[in-house]
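Some notes on the structure that comes next.
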Amino acid sequence: MAAPKIDVAYVANLARLELTPEEQALFQPQLEGIVKYVEKISAVDVAGVEPMMHGRPLSNVFREDEVRPSLDREAALENAPARVGDEFLLPKIVEGAES
């Protein structure tokens, strides 16, 4: 079964990409090859195959969650360029955010 011809200019427009005619000619066979490969993968019978997130089993090693000494709050805030009470004061970086 032949893959349908992909209109690279249309796909580029959807992706808000400006491609030159040379780039369109370069990407046309590449995109068609990708579609053919996806069709080939789609033909594989996966009945009975359990869905998985990873190809190999994963095992996380977690340490025990225990309280340990940490930096004193005053020491952490000591070199802050600006602060409000026990917090760092940062400049507003999002437009429309309240101060």
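All of the numbers you see were taken from the coordinates with simple rules; none came from a lab. What you see is a predicted model; the values in this text were computed from it and never measured. Here the Cβ is made from the backbone with ideal geometry for all residues, glycine too, and neighbour counts use every protein chain on show.
Annotations
- GluC sites (Glu not before Pro) restricted to DSSP loop in the stretch 17-99 with at most 12 other C-beta within 10 Å: GLU18, GLU64, GLU66, GLU78, GLU95, GLU98
- Pairwise centroid distance, computed over Cα atoms, of the stretch 65-93 with the stretch 1-48, Å: 51
- Cα gyration tensor category, rounded, prolate or oblate, for the chain with a/c compared to 1.5: oblate
- Summed side-chain charge close to PRO29 - residues other than PRO29 whose Cβ falls under 15 Å, Lys, Arg +1, Asp, Glu -1: -2
- For the chain, calculated [θ]222 nm from helices alone, where every DSSP H run of n ≥ 4 adds -39500 (n - 2.57): -10500 deg cm²/dmol
- Selection among LEU58, ALA43, GLY85 by position relative to the dipole of the chain gives ALA43 as farthest towards the positive end (Cβ unit charges, Cα centre).
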